[in-house]
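The values are calculated or read from the model by the stated rules, or taken from the named source; none is laboratory data. Just so it is clear, the structure is predicted and the values come from calculations on it, not from any experiment. In this analysis, Cβ positions are derived from the backbone assuming ideal geometry, glycine residues included, and neighbour counts consider all displayed protein chains.
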Amino acid sequence: MTDITYKILIVEDDDTIASAVLNQVKGWGYEAECVQDFSKVLDTFVAFEPALILLDITLPFHNGFFWCQEIRKISKVPIIFLSSASDNMNIIMAMNMGADDFIAKPFDFSVLIAKMQALLRRSYDFSSENNLIACKGAVLNLRDASLTYQGKKLELTKNDFKILETLLSNRGKTVSRDTLMTKLWETDCYVDENTLTVNVTRLRKKLEELGLTNFIITKKGLGYLVE
C-alpha cells in the first residue's frame, strides 16, 4: 500500500482493460479514475488533477500522442503509455512527445505498479506542490506565470499574474480592491485606485482574445470575482 494517496488518471477505451487497471491501481491504495469522454481528455485531466497518467495510443477522436502533447503544454505530470502498438517507432514517438515510460500490452500488473511507484517517487519525493490552478478549462501555471485555454497559451505580465493568482486562489469569493492593490503594489506609497481598474481592464481584454469572456466579474463597490 502507498503512504500518500496519489491520483491516477487512466486513459483507455477498452472497458475490460480499463476496469482491470482501475481495480489493480485502487487495490494498491491509489485514487483512480477512468476517462469517460474521449473528446475531453484534457478537461478531465484538469478537473481530476492526477499525479500520474496511464495513456493508451489508440483512442477515439484523437490518439494518445495528441493528448500527451496537449497535457505537456500545461503540465509536467508523469505519463506512462500502455499500448499493444509497441514497435520501436511508437515507443520513440511516445518519448519524443514527452512520455516518461512505455509499457507494452499485454503486461504484468506487478510490473505496471512497480514502474508507477518508481516514477511517482522520482517525480514527487522532493516536491509534492501543485503548481497549477484550474478554472472553467483555463489553467494558470504558477511556475512560468502563463495561462492556457483550449490549447492556446498566454504569457502574463507580473500584474496580470498576481491578479489571476489572487482571484483564482479565492475562487467563488469576492476579492476587495484593497486586497488586490496590496497584492500588486506591496508598498506604503499611495497608488491611485484607477491604476487597478486599468490593469484589470487590460487583463480582461487579453482573456477575451484567448476566448475567456466574462471570466472576471466586477462586484460594484466590493471588488472582483471569478466564479
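Matching residues to (1) polar (S, T, N, Q); (2) part of a strand (DSSP E or B); (3) in the same structural domain as Leu119 (by TED's automatic domain parsing):
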residue	(1), (2), (3)
Ile17	no, no, yes
Ala20	no, no, yes
Lys26	no, no, yes
Ala32	no, yes, yes
Ser39	yes, no, yes
Thr44	yes, no, yes
Ala47	no, no, yes
Filter result for the condition that a residue is touching a Leu at 6+ places or on another chain (Cβ under 6 Å) and either in the same structural domain as Arg204 (by TED's automatic domain parsing) or farther than 22 Å from Phe48 by Cβ (or both), over Asp108, Asp160: Asp160
Long-range neighbours under 8 Å by Cβ, at least six apart or interchain, first residue outside any helix (DSSP H, G or I) within the stretch 157-185, second among the small types (Gly, Ala, Ser): Thr174/Gly223; Val175/Gly223; Ser176/Gly223
Inter-residue pairs, beta-carbon under 8 Å, first without any contact (Cβ under 8 Å) to a residue 24 or more places away in the chain and in the stretch 94-107, second charged (D, E, K, R) and buried (at least 16 other Cβ atoms within 10 Å of the Cβ), 6+ apart: Asp101/Lys115; Ile103/Lys115
Candidate set: the stretch 15-34, residues that are in contact with a helix residue (DSSP H, G or I) (Cβ under 6 Å, 6 or more places away or on another chain) and farther than 23 Å from Leu140 by Cβ; chosen: the one surrounded by the most Cβ atoms within 10 Å (Cβ to Cβ): Ala32
Filter pass, Leu212 being modelled with pLDDT of 85 or more and part of a helix (DSSP H, G or I): no
Extreme residue, surrounded by the most Cβ atoms within 10 Å (Cβ to Cβ), among residues of the stretch 136-156 that are in contact (Cβ under 8 Å) with a residue 24 or more places away in the chain, under 12 Å from the mean Cα position of the chain (by Cα) and under 24 Å from Met181 (Cβ atoms): Leu147
Matching residues in the stretch 127-143 - criterion: being on the phi < 0 side of the Ramachandran plot and in contact with an Asp or Glu (Cβ under 8 Å, 6 or more places away or on another chain): Asn130, Leu132, Ile133, Ala134, Leu140, Leu142
Filtered residue count, the stretch 45-61, keeping only those that are surrounded by fewer than 18 Cβ atoms within 10 Å (Cβ to Cβ) and either within 18 Å of Lys7 (Cβ to Cβ) or without any contact (Cβ under 8 Å) to a residue 24 or more places away in the chain (or both): 4
Output for the stretch 201-227, where each listed residue is among the polar types (S, T, N, Q) and out of contact with any strand residue (DSSP E or B) (no Cβ under 7 Å at 6 or more places or on another chain): Thr201, Thr213, Asn214
Subset of the stretch 1-29 that is out of contact with any strand residue (DSSP E or B) (no Cβ under 7 Å at 6 or more places or on another chain) and small (Gly, Ala, Ser) - its residue that is modelled with the lowest pLDDT: Gly29
Residue, surrounded by the fewest Cβ atoms within 10 Å (Cβ to Cβ), within the stretch 69-102, restricted to residues that are among the charged types (D, E, K, R) and assigned to a helix (DSSP H, G or I): Arg72
